[in-house]
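One structure below.
The values are calculated or read from the model by the stated rules, or taken from the named source; none is laboratory data. Everything numeric here is computed off the predicted structure, so don't read it as measured data. Cβ: placed from backbone, ideal geometry, glycine included. Neighbour counts: every protein chain shown. The protein model used for the area step is the full one, side chains on, heavy atoms only, and it has no ligands, DNA or RNA in it. Shrake-Rupley method; radii C 1.70, N 1.55, O 1.52, S 1.80 Å.
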Amino acid sequence: MLNLLGDLGAWGLQALTRLGRAHLLLLAMLRGLLEILRRPRLLVDQLYSVGVLTLLIIGVAGLFVGMVLALQGYNVLSRFGGETALGFMVAASLVRELGPVLTALLFAGRAGSALTAEIGLMKATEQLSGLEMMAVNPEHRVLAPRFFAGLIAVPMLAALFSCLGVLGGWMVGGGLLGVDQAAFWNGMQDGIDFNDDIINGVIKSLVFGFVCTWIAIFQGYDCVPTSEGVSRATTRTVVHSSLAVLGLDFVLTALMFG
Amino acid sequence: MNRKRQIEIWVGVFMAIGFAALFLLAMKISNLGTAYSGELFHVTARFDNIGGLKVKAPVTIAGVEVGRVQEIRYDPDDFRAVVVLGIQDQYLGKIPDDSFAKILTAGLLGEQYIGIDPGGSEDTLKEGSEIGITQSALVLEEVIGQFIFGKSQEGAGTE
(Lines give C-alpha, C1' and ligand atoms only; values in the text may rest on other atoms or scores of the structure.)
Protein backbone atom coordinates (compact mmCIF):
# COMPACT_ATOMS: atom_id res chain seq x y z
CA MET A 1 0.00 0.00 0.00
CA LEU A 2 2.73 2.40 1.05
CA ASN A 3 4.68 1.36 -2.03
CA LEU A 4 1.74 2.15 -4.27
CA LEU A 5 1.36 5.59 -2.74
CA GLY A 6 5.10 6.17 -3.14
CA ASP A 7 4.91 5.23 -6.83
CA LEU A 8 1.99 7.56 -7.36
CA GLY A 9 3.87 10.37 -5.64
CA ALA A 10 7.01 9.76 -7.69
CA TRP A 11 4.95 9.77 -10.89
CA GLY A 12 3.27 13.02 -9.92
CA LEU A 13 6.57 14.69 -9.08
CA GLN A 14 8.06 13.52 -12.37
CA ALA A 15 5.14 14.93 -14.33
CA LEU A 16 5.44 18.23 -12.48
CA THR A 17 9.20 18.52 -13.10
CA ARG A 18 8.61 17.81 -16.80
CA LEU A 19 6.01 20.55 -16.90
CA GLY A 20 8.44 22.86 -15.12
CA ARG A 21 11.24 22.06 -17.59
CA ALA A 22 8.85 22.69 -20.48
CA HIS A 23 8.00 26.14 -19.12
CA LEU A 24 11.64 27.01 -18.46
CA LEU A 25 12.39 26.04 -22.06
CA LEU A 26 9.54 28.25 -23.26
CA LEU A 27 10.92 31.20 -21.29
CA ALA A 28 14.39 30.61 -22.71
CA MET A 29 12.99 30.49 -26.25
CA LEU A 30 11.02 33.70 -25.73
CA ARG A 31 14.22 35.37 -24.55
CA GLY A 32 15.81 34.08 -27.77
CA LEU A 33 13.65 36.56 -29.70
CA LEU A 34 16.44 39.15 -29.30
CA GLU A 35 18.92 36.80 -30.96
CA ILE A 36 16.47 36.31 -33.85
CA LEU A 37 16.05 40.05 -34.31
CA ARG A 38 19.83 40.31 -34.58
CA ARG A 39 20.06 37.39 -37.01
CA PRO A 40 16.80 37.10 -39.03
CA ARG A 41 18.58 34.62 -41.30
CA LEU A 42 18.05 31.89 -38.65
CA LEU A 43 14.28 32.41 -38.81
CA VAL A 44 14.22 32.38 -42.62
CA ASP A 45 15.98 29.01 -42.75
CA GLN A 46 13.50 27.52 -40.30
CA LEU A 47 10.50 29.04 -42.07
CA TYR A 48 11.66 27.16 -45.14
CA SER A 49 11.79 23.76 -43.47
CA VAL A 50 8.69 24.28 -41.31
CA GLY A 51 6.52 26.32 -43.68
CA VAL A 52 7.50 25.93 -47.31
CA LEU A 53 7.95 22.17 -47.12
CA THR A 54 4.50 21.81 -45.50
CA LEU A 55 2.76 23.83 -48.23
CA LEU A 56 2.04 20.89 -50.51
CA ILE A 57 0.31 18.61 -48.01
CA ILE A 58 -1.73 21.52 -46.63
CA GLY A 59 -2.81 22.65 -50.09
CA VAL A 60 -3.84 19.20 -51.30
CA ALA A 61 -5.60 18.36 -48.02
CA GLY A 62 -7.48 21.68 -48.04
CA LEU A 63 -8.68 21.22 -51.59
CA PHE A 64 -9.98 17.72 -50.95
CA VAL A 65 -11.58 18.54 -47.59
CA GLY A 66 -13.48 21.39 -49.27
CA MET A 67 -14.61 19.11 -52.09
CA VAL A 68 -15.84 16.44 -49.67
CA LEU A 69 -17.64 19.05 -47.55
CA ALA A 70 -19.47 20.32 -50.63
CA LEU A 71 -20.50 16.80 -51.69
CA GLN A 72 -21.76 15.78 -48.25
CA GLY A 73 -23.33 19.14 -47.52
CA TYR A 74 -25.17 19.05 -50.82
CA ASN A 75 -26.65 15.63 -49.98
CA VAL A 76 -28.12 16.89 -46.73
CA LEU A 77 -29.08 20.42 -47.83
CA SER A 78 -30.81 19.33 -51.05
CA ARG A 79 -33.33 17.34 -49.00
CA PHE A 80 -34.66 20.61 -47.60
CA GLY A 81 -34.18 22.59 -50.78
CA GLY A 82 -31.39 24.54 -49.11
CA GLU A 83 -28.60 24.09 -51.65
CA THR A 84 -28.11 27.84 -51.66
CA ALA A 85 -26.67 27.60 -48.12
CA LEU A 86 -23.89 25.32 -49.41
CA GLY A 87 -21.32 28.10 -49.72
CA PHE A 88 -21.97 29.30 -46.20
CA MET A 89 -21.80 25.77 -44.81
CA VAL A 90 -18.51 24.96 -46.51
CA ALA A 91 -16.87 28.28 -45.61
CA ALA A 92 -18.12 28.35 -42.02
CA SER A 93 -16.96 24.83 -41.19
CA LEU A 94 -13.59 25.51 -42.83
CA VAL A 95 -12.89 28.92 -41.33
CA ARG A 96 -14.17 28.16 -37.84
CA GLU A 97 -13.07 24.59 -37.28
CA LEU A 98 -11.54 22.45 -39.97
CA GLY A 99 -9.00 24.95 -41.26
CA PRO A 100 -7.18 25.58 -37.95
CA VAL A 101 -7.63 22.04 -36.54
CA LEU A 102 -6.68 19.97 -39.57
CA THR A 103 -3.78 22.29 -40.37
CA ALA A 104 -2.47 21.85 -36.83
CA LEU A 105 -2.85 18.06 -36.99
CA LEU A 106 -1.08 17.86 -40.35
CA PHE A 107 1.56 20.30 -39.12
CA ALA A 108 2.21 18.13 -36.05
CA GLY A 109 2.61 15.09 -38.27
CA ARG A 110 4.68 16.71 -41.01
CA ALA A 111 6.75 19.39 -39.29
CA GLY A 112 6.44 18.67 -35.56
CA SER A 113 7.78 15.13 -35.82
CA ALA A 114 10.65 16.36 -38.00
CA LEU A 115 11.50 19.04 -35.43
CA THR A 116 11.57 16.52 -32.58
CA ALA A 117 13.70 14.05 -34.51
CA GLU A 118 16.15 16.77 -35.59
CA ILE A 119 16.59 18.24 -32.12
CA GLY A 120 16.66 14.79 -30.50
CA LEU A 121 19.44 13.68 -32.84
CA MET A 122 21.34 16.91 -32.20
CA LYS A 123 21.14 16.07 -28.53
CA ALA A 124 22.07 12.38 -29.05
CA THR A 125 25.14 13.32 -31.12
CA GLU A 126 26.02 16.00 -28.56
CA GLN A 127 25.83 18.88 -31.02
CA LEU A 128 23.86 20.90 -28.50
CA SER A 129 26.54 20.37 -25.85
CA GLY A 130 29.12 21.27 -28.49
CA LEU A 131 27.43 24.61 -29.09
CA GLU A 132 27.39 25.24 -25.36
CA MET A 133 31.12 24.50 -25.20
CA MET A 134 31.63 27.24 -27.79
CA ALA A 135 29.66 29.62 -25.56
CA VAL A 136 26.69 29.64 -27.96
CA ASN A 137 23.35 29.30 -26.23
CA PRO A 138 21.59 26.43 -28.06
CA GLU A 139 18.20 27.48 -26.71
CA HIS A 140 18.56 30.89 -28.37
CA ARG A 141 20.44 29.80 -31.46
CA VAL A 142 18.80 26.47 -32.33
CA LEU A 143 15.44 26.21 -30.57
CA ALA A 144 14.05 29.75 -30.60
CA PRO A 145 14.13 30.20 -34.43
CA ARG A 146 12.29 26.90 -34.85
CA PHE A 147 9.68 27.94 -32.30
CA PHE A 148 8.95 31.32 -33.88
CA ALA A 149 8.96 29.81 -37.36
CA GLY A 150 6.22 27.41 -36.26
CA LEU A 151 4.28 30.24 -34.63
CA ILE A 152 4.34 32.23 -37.88
CA ALA A 153 3.83 29.35 -40.27
CA VAL A 154 0.72 27.69 -38.77
CA PRO A 155 -1.71 30.64 -39.11
CA MET A 156 -0.56 31.20 -42.69
CA LEU A 157 -0.97 27.53 -43.53
CA ALA A 158 -4.42 27.51 -41.91
CA ALA A 159 -5.50 30.52 -43.97
CA LEU A 160 -4.27 28.78 -47.10
CA PHE A 161 -6.08 25.59 -46.09
CA SER A 162 -9.39 27.46 -45.67
CA CYS A 163 -8.95 29.34 -48.95
CA LEU A 164 -8.21 26.23 -50.96
CA GLY A 165 -11.02 24.42 -49.16
CA VAL A 166 -13.51 27.07 -50.25
CA LEU A 167 -12.08 26.83 -53.77
CA GLY A 168 -12.52 23.04 -53.72
CA GLY A 169 -16.06 23.41 -52.41
CA TRP A 170 -16.84 25.91 -55.13
CA MET A 171 -15.39 23.60 -57.82
CA VAL A 172 -17.58 20.70 -56.70
CA GLY A 173 -20.64 22.76 -55.72
CA GLY A 174 -20.65 25.18 -58.62
CA GLY A 175 -19.11 22.93 -61.25
CA LEU A 176 -20.18 19.37 -60.52
CA LEU A 177 -23.45 19.80 -58.62
CA GLY A 178 -24.68 22.93 -60.37
CA VAL A 179 -25.43 25.08 -57.34
CA ASP A 180 -26.16 28.69 -58.29
CA GLN A 181 -22.86 30.62 -58.24
CA ALA A 182 -24.29 33.89 -56.96
CA ALA A 183 -26.15 32.15 -54.12
CA PHE A 184 -22.99 30.24 -53.22
CA TRP A 185 -20.82 33.35 -52.84
CA ASN A 186 -23.50 35.69 -51.47
CA GLY A 187 -24.61 33.21 -48.85
CA MET A 188 -21.00 32.83 -47.80
CA GLN A 189 -20.33 36.58 -47.58
CA ASP A 190 -23.59 37.17 -45.72
CA GLY A 191 -22.97 34.47 -43.19
CA ILE A 192 -19.26 34.79 -42.43
CA ASP A 193 -18.43 37.73 -40.21
CA PHE A 194 -14.89 39.09 -40.35
CA ASN A 195 -14.49 39.67 -36.61
CA ASP A 196 -16.42 36.68 -35.35
CA ASP A 197 -15.23 34.05 -37.79
CA ILE A 198 -12.02 35.00 -39.58
CA ILE A 199 -10.25 36.64 -36.64
CA ASN A 200 -11.29 33.88 -34.26
CA GLY A 201 -10.03 31.29 -36.75
CA VAL A 202 -6.67 33.06 -36.94
CA ILE A 203 -6.46 33.23 -33.12
CA LYS A 204 -7.22 29.52 -32.96
CA SER A 205 -4.47 28.62 -35.41
CA LEU A 206 -2.01 30.89 -33.56
CA VAL A 207 -2.73 29.00 -30.34
CA PHE A 208 -2.39 25.65 -32.11
CA GLY A 209 0.87 26.69 -33.74
CA PHE A 210 2.22 27.78 -30.36
CA VAL A 211 1.25 24.52 -28.67
CA CYS A 212 2.34 22.17 -31.47
CA THR A 213 5.76 23.76 -31.92
CA TRP A 214 6.33 24.01 -28.18
CA ILE A 215 5.51 20.32 -27.67
CA ALA A 216 7.67 19.26 -30.63
CA ILE A 217 10.71 21.23 -29.50
CA PHE A 218 10.35 20.23 -25.86
CA GLN A 219 10.05 16.52 -26.71
CA GLY A 220 13.17 16.71 -28.82
CA TYR A 221 15.12 18.71 -26.24
CA ASP A 222 13.99 16.52 -23.35
CA CYS A 223 14.36 13.11 -25.02
CA VAL A 224 16.57 10.27 -23.81
CA PRO A 225 19.59 10.70 -26.12
CA THR A 226 19.49 7.25 -27.71
CA SER A 227 17.96 6.08 -30.97
CA GLU A 228 15.08 4.49 -29.04
CA GLY A 229 14.60 7.67 -27.01
CA VAL A 230 14.39 9.80 -30.15
CA SER A 231 11.87 7.47 -31.74
CA ARG A 232 9.72 7.54 -28.59
CA ALA A 233 9.94 11.32 -28.38
CA THR A 234 8.80 11.62 -32.01
CA THR A 235 5.77 9.42 -31.33
CA ARG A 236 4.96 11.41 -28.20
CA THR A 237 5.13 14.66 -30.17
CA VAL A 238 2.48 13.55 -32.62
CA VAL A 239 0.21 12.03 -29.96
CA HIS A 240 0.49 14.91 -27.49
CA SER A 241 0.14 17.61 -30.14
CA SER A 242 -2.95 16.00 -31.64
CA LEU A 243 -4.62 15.55 -28.27
CA ALA A 244 -3.69 19.08 -27.18
CA VAL A 245 -5.07 20.56 -30.42
CA LEU A 246 -8.35 18.67 -30.20
CA GLY A 247 -8.83 19.43 -26.51
CA LEU A 248 -7.91 23.11 -26.88
CA ASP A 249 -10.19 23.38 -29.88
CA PHE A 250 -13.15 22.47 -27.71
CA VAL A 251 -12.17 25.02 -25.07
CA LEU A 252 -11.56 27.78 -27.64
CA THR A 253 -14.80 27.04 -29.50
CA ALA A 254 -16.74 27.17 -26.25
CA LEU A 255 -15.13 30.53 -25.43
CA MET A 256 -15.53 32.07 -28.90
CA PHE A 257 -18.79 30.71 -30.26
CA GLY A 258 -20.45 29.35 -27.11
CA MET B 1 21.86 31.52 -57.84
CA ASN B 2 23.13 30.07 -54.61
CA ARG B 3 21.21 27.87 -52.23
CA LYS B 4 20.81 30.62 -49.60
CA ARG B 5 19.08 32.90 -52.06
CA GLN B 6 16.84 30.06 -53.20
CA ILE B 7 15.66 29.42 -49.65
CA GLU B 8 14.99 33.12 -49.18
CA ILE B 9 12.92 33.23 -52.36
CA TRP B 10 10.86 30.21 -51.33
CA VAL B 11 10.20 31.68 -47.90
CA GLY B 12 9.15 34.91 -49.62
CA VAL B 13 6.74 32.92 -51.81
CA PHE B 14 5.39 31.20 -48.71
CA MET B 15 4.82 34.47 -46.87
CA ALA B 16 3.19 36.02 -49.94
CA ILE B 17 0.83 33.05 -50.33
CA GLY B 18 -0.02 33.17 -46.64
CA PHE B 19 -0.86 36.87 -46.70
CA ALA B 20 -2.78 36.49 -49.95
CA ALA B 21 -4.84 33.70 -48.37
CA LEU B 22 -5.61 35.85 -45.34
CA PHE B 23 -6.56 38.74 -47.61
CA LEU B 24 -8.86 36.51 -49.66
CA LEU B 25 -10.50 35.17 -46.50
CA ALA B 26 -11.14 38.70 -45.34
CA MET B 27 -12.34 40.24 -48.60
CA LYS B 28 -13.93 37.41 -50.57
CA ILE B 29 -15.24 35.00 -47.98
CA SER B 30 -16.23 37.22 -45.07
CA ASN B 31 -18.57 40.19 -45.08
CA LEU B 32 -15.70 42.67 -44.91
CA GLY B 33 -15.72 43.19 -48.66
CA THR B 34 -19.45 43.82 -48.85
CA ALA B 35 -20.22 45.36 -45.48
CA TYR B 36 -21.12 49.03 -45.26
CA SER B 37 -18.61 50.65 -42.94
CA GLY B 38 -19.63 54.31 -43.13
CA GLU B 39 -21.67 56.43 -40.74
CA LEU B 40 -25.11 55.34 -39.57
CA PHE B 41 -28.05 57.17 -38.05
CA HIS B 42 -30.39 55.49 -35.62
CA VAL B 43 -34.15 55.14 -35.70
CA THR B 44 -36.30 53.16 -33.29
CA ALA B 45 -39.43 51.16 -33.98
CA ARG B 46 -41.73 49.34 -31.53
CA PHE B 47 -43.25 45.99 -32.40
CA ASP B 48 -45.83 43.85 -30.57
CA ASN B 49 -43.93 40.73 -31.60
CA ILE B 50 -40.61 40.51 -33.40
CA GLY B 51 -40.76 36.77 -34.05
CA GLY B 52 -37.29 35.53 -34.95
CA LEU B 53 -35.73 38.90 -35.81
CA LYS B 54 -32.06 39.08 -34.82
CA VAL B 55 -29.45 41.79 -34.41
CA LYS B 56 -27.66 42.48 -37.75
CA ALA B 57 -30.76 41.53 -39.74
CA PRO B 58 -31.04 43.71 -42.88
CA VAL B 59 -33.32 46.75 -43.12
CA THR B 60 -34.65 47.26 -46.64
CA ILE B 61 -36.61 49.77 -48.65
CA ALA B 62 -38.11 48.40 -51.87
CA GLY B 63 -35.95 45.33 -51.33
CA VAL B 64 -32.67 47.27 -51.28
CA GLU B 65 -30.61 47.06 -48.10
CA VAL B 66 -30.30 50.47 -46.44
CA GLY B 67 -29.17 49.42 -42.97
CA ARG B 68 -29.03 46.80 -40.27
CA VAL B 69 -30.77 46.06 -36.98
CA GLN B 70 -28.49 47.41 -34.26
CA GLU B 71 -30.18 46.46 -31.03
CA ILE B 72 -33.27 44.65 -29.80
CA ARG B 73 -34.65 45.09 -26.28
CA TYR B 74 -37.88 44.67 -24.40
CA ASP B 75 -39.69 47.65 -22.91
CA PRO B 76 -41.55 46.42 -19.81
CA ASP B 77 -43.65 49.61 -19.62
CA ASP B 78 -45.70 49.09 -22.75
CA PHE B 79 -44.96 45.36 -23.21
CA ARG B 80 -43.44 45.85 -26.64
CA ALA B 81 -40.11 45.15 -28.27
CA VAL B 82 -37.91 48.14 -29.09
CA VAL B 83 -35.79 47.65 -32.22
CA VAL B 84 -33.02 50.13 -33.00
CA LEU B 85 -32.28 50.38 -36.72
CA GLY B 86 -28.95 51.68 -37.98
CA ILE B 87 -29.56 53.29 -41.38
CA GLN B 88 -26.81 54.46 -43.74
CA ASP B 89 -26.11 58.18 -43.54
CA GLN B 90 -26.71 58.75 -47.26
CA TYR B 91 -30.45 58.18 -46.62
CA LEU B 92 -30.63 60.78 -43.82
CA GLY B 93 -33.40 63.21 -44.70
CA LYS B 94 -34.74 61.02 -47.52
CA ILE B 95 -37.12 58.69 -45.63
CA PRO B 96 -40.54 60.22 -44.74
CA ASP B 97 -41.30 60.10 -41.01
CA ASP B 98 -44.69 58.46 -41.49
CA SER B 99 -43.09 55.41 -43.09
CA PHE B 100 -44.36 51.97 -42.23
CA ALA B 101 -41.98 49.34 -40.76
CA LYS B 102 -42.86 45.67 -40.94
CA ILE B 103 -41.06 42.45 -40.16
CA LEU B 104 -40.90 40.19 -43.19
CA THR B 105 -39.53 36.75 -43.87
CA ALA B 106 -37.20 35.93 -46.75
CA GLY B 107 -38.79 32.87 -48.31
CA LEU B 108 -41.01 30.49 -46.40
CA LEU B 109 -38.50 29.52 -43.71
CA GLY B 110 -35.81 32.13 -44.29
CA GLU B 111 -34.29 34.80 -42.09
CA GLN B 112 -36.47 37.64 -40.90
CA TYR B 113 -35.72 41.22 -41.92
CA ILE B 114 -37.33 44.65 -41.69
CA GLY B 115 -38.99 46.21 -44.70
CA ILE B 116 -39.81 49.93 -44.69
CA ASP B 117 -42.63 51.25 -46.88
CA PRO B 118 -42.09 55.00 -47.41
CA GLY B 119 -44.99 57.26 -46.45
CA GLY B 120 -45.99 60.61 -47.94
CA SER B 121 -44.95 63.08 -45.26
CA GLU B 122 -42.78 66.14 -45.96
CA ASP B 123 -40.79 65.58 -42.74
CA THR B 124 -38.14 62.92 -42.69
CA LEU B 125 -36.60 60.46 -40.23
CA LYS B 126 -33.68 61.84 -38.24
CA GLU B 127 -31.23 60.48 -35.69
CA GLY B 128 -33.27 59.23 -32.72
CA SER B 129 -36.72 59.54 -34.31
CA GLU B 130 -39.27 56.76 -34.03
CA ILE B 131 -41.27 54.95 -36.68
CA GLY B 132 -44.86 55.09 -35.44
CA ILE B 133 -46.62 52.59 -37.65
CA THR B 134 -45.33 49.02 -37.44
CA GLN B 135 -46.48 45.53 -38.27
CA SER B 136 -45.37 42.54 -36.20
CA ALA B 137 -43.75 39.42 -37.45
CA LEU B 138 -45.97 36.73 -38.83
CA VAL B 139 -45.85 33.87 -36.34
CA LEU B 140 -46.85 30.71 -38.16
CA GLU B 141 -48.51 29.06 -35.15
CA GLU B 142 -50.78 32.08 -34.58
CA VAL B 143 -51.82 32.17 -38.22
CA ILE B 144 -52.64 28.47 -38.20
CA GLY B 145 -54.44 28.87 -34.88
CA GLN B 146 -56.58 31.71 -36.28
CA PHE B 147 -57.30 29.72 -39.41
CA ILE B 148 -58.49 26.70 -37.42
CA PHE B 149 -60.49 28.95 -35.09
CA GLY B 150 -62.10 30.68 -38.07
CA LYS B 151 -63.01 27.36 -39.66
CA SER B 152 -64.62 26.06 -36.50
CA GLN B 153 -66.57 29.33 -36.08
CA GLU B 154 -67.77 28.99 -39.66
CA GLY B 155 -68.87 25.42 -38.98
CA ALA B 156 -70.74 26.53 -35.83
CA GLY B 157 -72.43 29.37 -37.75
CA THR B 158 -73.92 27.23 -40.50
CA GLU B 159 -75.28 24.63 -38.17
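Observations on the structure shown:
- With every protein chain in place and a 1.4 angstrom probe, the accessible-area ranking of A:R21, A:R38, largest first, reads A:R38, A:R21.
- Heavy atoms of A:I152: accessible area, 1.4 Å probe, square angstrom to 10: 60 Å²
- Listed residues A:G20, A:G173, A:G62, most fluctuating in chain A (Gaussian network, C-alpha, under 10 Å): A:G20
- Based on C-alpha pairs under 8 angstrom that are at least 6 apart in sequence, segment B:40-140 has a relative contact order of 37 percent.
- The mean count of C-beta atoms from other chains within 10 Å of the C-beta of residues in A:198-206, rounded to a whole number, is 2.
- Accessible area of B:D75 in the full protein assembly, 1.4 Å probe (Å², nearest 10): 30 Å²
- Prolate/oblate/rounded call for segment B:1-85, Cα gyration tensor, a/c under 1.5 rounded: prolate
- Summing charges over neighbours of A:L105, with a neighbour being any other residue whose Cβ is under 14 Å away from its Cβ, gives 0 when K and R count +1 and D and E count -1.
- Rg(Cα) / (2.2 N^0.38 Å) computed for the protein assembly as shown, rounded to two decimals: 1.33
- Charge sum, other residues only, whose C-beta stays under 13 Å from A:L25's C-beta, Lys/Arg counted +1 and Asp/Glu -1: +3
- Qualifying trypsin sites (Lys or Arg not before Pro) in segment A:77-140, DSSP loop, other Cβ atoms within 10 Å at most 15: none
- Rounded accessible area of A:L105 (nearest 10 Å², 1.4 Å probe): 50 Å²
- Cleavage-rule hits, chymotrypsin sites (Phe, Trp or Tyr not before Pro), segment B:1-100, DSSP coil, Cβ neighbours within 10 Å at most 16: B:Y36, B:F79
- With Cα atoms, 0 to 90° folded angle of helix B:140-158 axis to chain B main axis: 20 degrees
- Protein heavy-atom accessible surface, 1.4 Å probe, per residue over the protein assembly as shown: 53 Å².
- Pairs of Cα atoms nearer than 8 Å and 6+ residues apart set the relative contact order; for chain A it is 32 percent.
- Long-range amide H partners of B:T60 with built H, under 5 Å: B:V66, B:I114, B:G115, B:I116
- Projected onto planes of every orientation and averaged, the convex hull of the alpha-carbon atoms in segment A:108-258 covers 11.2 nm².
- Along segment A:248-258 the Karplus relation, 6.51 cos²θ - 1.76 cosθ + 1.60 evaluated at θ = phi - 60°, assigns HN-Hα couplings of 5, 4, 4, 4, 5, 4, 4, 6, 7, 10, x Hz to successive residues, with x for each Gly and Pro.
- Average partner coverage of A:46-54, which counts Cβ from other chains inside 10 Å: 4
- Against the rule of thumb 2.2 N^0.38 Å, how large the Cα Rg of segment B:40-140 comes out: 0.99
- Angle in degrees between helix A:144-170 and the longest Cα principal axis of chain A, rounded to the nearest 10: 20 degrees
- Helix B:3-24 and the long axis of chain B differ in direction by around 10°, with both axes built from C-alpha atoms.
- Counting Cβ atoms of other protein chains within 10 Å of each Cβ in A:162-173 and taking the mean gives 2.
- Sum of side-chain charges, B:H42 neighbourhood, beta-carbon under 12 Å (Lys, Arg +1; Asp, Glu -1): -3
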